[in-house]
1. Gain in length, Lys212 to Gln78, computed as 0.36 nm per residue apart minus the alpha-carbon separation, to one decimal in nm?
2. If I take every Cα pair under 8 Å that is 6 or more residues apart in the range 30-291, average their sequence separation and divide by the length, what percent do I get for the relative contact order?
3. Roughly what would the spin-label model give for Asp101 and Arg284, points 7 Å off Cα along C-beta, in nm?
4. Hey, with R₀ at 35 Å, roughly what FRET efficiency would Asn262 and Ala154 work out to, going by the Cβ-Cβ distance, to 0.05?
5. Sort 267-278, 197-208, 91-102 by the packing proxy (mean of other Cβ within 10 Å over each peptide's residues), most packed first.
6. For Val276 and Asp59, compute 0.36 nm times the residue count separating them, minus their Cα-Cα distance, and round to one decimal in nm.
7. Quick one: which of 62-69, 187-194 comes out on top by average Cβ neighbours within 10 Å, and what's the full order, highest first?
8. Excluding residues fewer than 8 places away in the same chain, name every one of the aspartates and glutamates whose C-alpha is closer than 13 Å to that of Lys55.
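Every number in this text was worked out from the coordinates using simple rules, so none of it is lab data. Keep in mind that what you see is a predicted model, and the values were worked out from it rather than measured. Here the Cβ positions follow ideal geometry from the backbone for every residue, glycine too, while neighbour counts run over all protein chains shown.
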Amino acid sequence: MGAGALAASPALDLAAAPEAAAAAVKKTAFDRVALGKTGVVVSRLAQGTGVHGGKRQSDHTRMGQEAFTRLVRHGFEQGVNFWDMADLYGTHPFMRKAMKDIDRDRYSVLSKIWTRPSDWNKPSGGATREVDRFRKELDTDMLDICLIHCMTHADWTDREKRVRDELSELKQRGVVRAVGVSCHSHEALQAAAKHPWVDVILARINHMGGKKYKMDGTVEEISATLKLARKNGKAVVGMKVFGEGTLITPEEKDASLKYVLNSGVVDAVTIGMRQVGEVDDSVRRIETALAS
């Protein structure tokens with residue numbers, strides 16, 4: 001074959017080959033994605049553990065250790081390596097037992113500090129004591145991500161300054177790899193999108209928007225704020241993708257995943273799957289959404 005024939009062959013177009021190869025790669029729920037500038041790399045899908053969570057319990061703790069372990073290990077064996085937890089949910093000891101024989105560097109841990117005093121919670125006002133306890137409960141030296149949980153005020157960065165300062169110190173020591181916030185109002189989300197302290201944002205996002213579907217504004221408002229967050233180098237993990245159980249039909253779930261995963265505003269999503277079948281269903285729907 002002559003040089004002219006080689007140059008004319010579309011299959012051997014060297015300039016187009018990288019793009020064509022990238023387009024041919026099937027995206028999955030298990031793809032490893034980098035979370036912003038944190039250096040933390042996780043599966044695109046996280047296993048949520050806080051459905052109907054409160055007072056250190058949730059549907060995931062109420063199912064018992066055996067069922068919890070079966071659920072988590074099923075996802076892990078397929079490729080899910082990202083665990084979304086919180087002190088509020090009480091799932092740290094359950095996760096420790098579920099993953100006790102798995103090398104720690106094979107999965108990533110996200111947890112959250114509840115800063116409000118209550119009958120079940122006596123916060124230190126900072127983060128060091130809480131993170132030390134979390135690590136003991138999880139039997140780990142390090143948390144990949146630690147967030148301030150459920151912020152609703154625009155001035156949360158000032159209100160939680162001591163928590164932020166102590167998390168920053170823990171980050172410098174390598175006890176926590178990345179810090180941030182989970183937001184439950186648009187004002188809190190807007191503050192997080194702009195504040196230099198924030199590495200990771202856990203944000204409520206689906207294709208419907210509004211309070212009825214557990215979002216903090218319209219789809220357009222939230223998407224614009226999350227685009228700003230990502231422009232500012234923040235990692236975004238989407239939650240309430242199914243509107244905390246308000247989006248229940250197959251069509252609604254597919255529409256939400258299609259929007260969220262192709263919107264360019266999230267790096268990963270967390271879904272509170274409670275049964276092995278729900279894990280498989282979420283994986284299939286995510287792959288369909290990514291292929292659209």
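1. Result for the pair: 44.9 nm of gain on full extension.
2. Relative contact order here is 18 percent.
3. So the two model labels end up 3.0 nm from each other.
4. The computed FRET efficiency comes out at 0.75.
5. With the highest mean Cβ count within 10 Å placed first, the list reads 197-208, 267-278, 91-102.
6. 76.7 nm
7. Highest-to-lowest ranking by the protection proxy: 187-194, 62-69.
8. Once the sequence-local aspartates and glutamates are set aside, what remains near Lys55 is Asp87, Asp119.
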